[in-house]
Each structure stands twice: as structure tokens, then as C-alpha cells.
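Novice: Okay, here's the structure, questions in a sec.
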Amino acid sequence: MKRLILFGAPGSGKGTMGDLIQRDFHFQKISTGDILRNAIQQDTTEGRQARSFMESGALVPDELVIEMVRLRLNRGDLDGGYIMDGYPRTLAQAEALSLISATSEKAIFIEVTEAEAVERLLSRLTCSACGAIYNLATKPPKKAGICDLCQGRVEKRSDDNEEAVRQRFRVYAERTLPVIDFYDRKKTLMRVDGGGSAARVYEKIRGLIA
Ligand code: ADP
Ligand code: ZN
């Protein structure tokens, strides 16, 4: 397997699980959310185009995201395999992915209840520099406001507020559930119960990909 796709609602733990898999299996994690947030921070043309969509919880237009993923996949550093976190999120993106790179892949669908996901998102903190994920309740940074990994600033993401979270769930149900359904019917999709602690969920995922 060369590509592992992580599917799941906002707050399902895709990013956290992707980080753990990257650490243990030496797969590169590719997070379109991180790529877009970096573009916004660097104030690139793409970042300026993406910003208002992201802040409101809408999807960034397919064209823009597909082109960013194409550039990322063509950089030539992914021979050891890679994890996709947050892509594909629409059927057009899924189609584009198989055109950019048709390769052996697995997909894991991390299932959580909306209530648990929303609770996590509203208490989540994120490193603005490296994207590392923290949580006020379950995994605070060792020094308040400072990333354990890179000393970057740890803060609330601008779309982790109630209104944007509600919108992200709506978009997920309308645009991304059909993609997951497509993988379920046409390709292999493994399901994991994503409720409970990150350590427990990760044990299950490790069992599936080892
Ligand atoms: P989450 O999965 O918790 O919503 P992400 O960091 O994956 O967090 O995504 C945050 C936002 O970035 C999305 O709400 C959307 O605006 C944008 N985004 C990320 N990935 C994509 C994508 N594949 N297509 C369109 N927009 C995306
Ligand atoms: Zn960091």
C-alpha cells in the first residue's frame, strides 16, 4: 500500500491519527487543511482565495485544492508512502486524485458521534506553526500556549467556533459522505470506532495497517 486515506467528520481525529501513523510507519502526512492554513499565513494568492471559505466552514473550491494536491504529490518525496488527511472531500477531488496518481491505497473511516466531535473541536488548540493538535482537557501543551514540538504559538483555530463547526458538519454530510460511500462500494474501506481516547483509537488503526 502506497497511499492511506483517512476519512472522518471534523473532529473525528484524522489529524491526530495521521500524526501517529507518520511517526510509527514513516509515511508522510499530507493535510490539505495544513497546506491551506500555511498558504494563508504566508499570504500567498491561494491563501487569499481560500481564507474566507475556511473561516466560515465552507469548502475551498475544488480547482484550487486539486492543484495544490497535484503540486504536493509531484514533489517526489513520497516513495515511502503517504497519508491523506482531509482529501478527497468531494467526488470531483476523488476523481482528480486517481488521475494525478493511480496507486495502491487503503482507506480508513474513523466514525464518531457528532456530539463527541463537536466537544473535541470546541476545546481543541492547534499549533499555528506545525499544526500539532492539543486539547485543553485531554492533552494540553506542557507550557501554556507553546508547542511542545516546535515552540510555535498554540491557539484556537479560527474555524473552531460553534457557527463554523456547524457549517463544517453540514458540508461534510452533503459533500464528503458521498465520497466515503463511493469508497465503500468501489474500493476497500475499513471502519474504526473513533470514540474515546486517542491511544485506544490508534491501537485499532495500527492493527488495521500493520
Ligand atoms: P476538519 O477536518 O476538522 O474540518 P481541516 O483542517 O481538514 O479540518 O479543514 C479545515 C478547512 O480547510 C475546511 O473546513 C475547508 O475550508 C478547508 N479544506 C481542507 N481540506 C479541503 C479539501 N480537500 N477541499 C476543500 N476544502 C478543504
Ligand atoms: Zn508546533
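We did not get these values from a lab; they are worked out from the coordinates using the rules stated. Owing to the predicted nature of the structure, the values given are computational and were not obtained by experimental measurement. Cβ coordinates were reconstructed from backbone atoms using ideal geometry, including for glycine residues, and neighbour counts include every protein chain displayed.
Novice: When the Debye formula is applied to the Cα atoms of the chain, each taken as the same point scatterer, what base-10 log of I(q)/I(0) results at q = 0.13, 0.15 Å⁻¹?
Specialist: -0.71, -0.99
Novice: Among 106, 142, 187, which comes first, second and so on when ranked by fewest other beta-carbon atoms within 10 Å?
Specialist: Values: 106 17, 142 8, 187 13.
Going from least to most buried by this count: 142, 187, 106.
Novice: May I ask you to derive the relative contact order of the chain, considering only C-alpha pairs under 8 Å and at least 6 residues apart, and to give it as an integer percent?
Specialist: That works out to 30 percent.
Novice: Need the list of aspartates and glutamates near residue 186 for cross-linking: C-alpha distance under 13 angstrom, and skip anything on the same chain fewer than eight residues off.
Specialist: 95, 105
Novice: How much length would be gained if the chain were fully extended between residue 74 and residue 208, taking 0.36 nm per residue of separation minus their Cα-Cα distance, in nm to one decimal?
Specialist: Working: separation 134, 0.36 × 134 = 48.24 nm, distance 2.76 nm.
Gain on extension, residue 74 to residue 208, equals 45.5 nm.
Novice: Right, next: To the nearest 20 debye, what charge dipole does the chain have about its Cα centre, counting +1 at the Cβ of each Lys and Arg and -1 at the Cβ of each Asp and Glu? Walk me through the intermediate numbers first.
Specialist: On the way: 32 positive and 29 negative charges, 85 e Å.
The calculation lands at about 400 debye.
Novice: If you don't mind, another one. Please get the size of the charge dipole for the stretch 152-210, origin at its Cα centre, with Cβ charges of +1 on Lys and Arg and -1 on Asp and Glu, quoted in debye to the nearest 20. Write down the numbers at each step before the final one.
Specialist: Numbers: 14 positive and 10 negative charges, 51 e Å.
Result for the stretch 152-210 is approximately 240 debye, rounded to the nearest 20.
Novice: Among the listed pairs 142/187; 29/139; 29/143; 106/143; 156/204; 106/142, which have their C-alpha atoms separated by more than 31 angstrom in this model? Write down the numbers at each step before the final one.
Specialist: Details: 142/187 41 Å; 29/139 21 Å; 29/143 26 Å; 106/143 37 Å; 156/204 29 Å; 106/142 35 Å.
Violating the 31 Å limit, Cα to Cα: 142/187; 106/143; 106/142.
Novice: For a test of the definition: using alpha carbon positions, the gyration tensor, and the 1.5 limit on a/c, classify the stretch 110-179 as rounded, prolate or oblate.
Specialist: On the way: a/c = 2.34, a/b = 2.10, b/c = 1.12.
Prolate, since a/c reaches 1.5 and a/b exceeds b/c.
Novice: Nearest 500 deg cm²/dmol is fine: what mean residue ellipticity at 222 nm does the chain get from its DSSP H runs of n ≥ 4 alone, each adding -39,500 (n - 2.57), divided by its residue count?
Specialist: Values: 9 runs with 97 residues, N = 210.
Dividing the helical sum by the residues of the chain leaves -14000 deg cm²/dmol.
Novice: Counting other C-beta atoms within 10 Å, which of 186, 204 has the fewest, and how do the rest follow? List each step's numbers first, then the result.
Specialist: On the way: 186 9, 204 17.
Going from sparsest to densest Cβ surroundings: 186, 204.
Novice: Show me the trypsin sites (Lys or Arg not before Pro) within the stretch 2-90 that DSSP assigns to loop and that have at most 13 other Cβ atoms within 10 Å of their Cβ. Can you show the working numbers first?
Specialist: Values: sites: 2, 3, 14, 23, 29, 37, 48, 51, 70, 72, 75, 89; in loops: 2, 75, 89.
When the trypsin sites (Lys or Arg not before Pro) of the stretch 2-90 are filtered for loop state and at most 13 Cβ neighbours within 10 Å, 75 remain.
Novice: Taking every DSSP beta bridge that has both residues in the chain, what percent is antiparallel when rounded to the nearest 5?
Specialist: On the way: 8 of 27 bridges.
Percent antiparallel among DSSP bridges in the chain is about 30.
Novice: Also: For the stretch 41-166, max minus min Cα coordinate along each principal axis, in Å, sorted largest first?
Specialist: Ordered largest first, the stretch 41-166 gives principal extents of 43, 33, 31 Å.
Novice: Taking the Cα centre of the stretch 62-153 as the origin, how large is its charge dipole in debye, to the nearest 20, when only Lys and Arg (+1) and Asp and Glu (-1) carry charge on their Cβ atoms?
Specialist: Values: 11 positive and 13 negative charges, 114 e Å.
Result for the stretch 62-153 is approximately 540 debye, rounded to the nearest 20.
Novice: Given just the C-alpha atoms of the stretch 36-99, how large is their convex hull per residue in cubic angstrom?
Specialist: Numbers: hull volume 6.1 nm³, N = 64.
Expressed per residue, the convex hull around the Cα atoms of the stretch 36-99 is 96 Å³.
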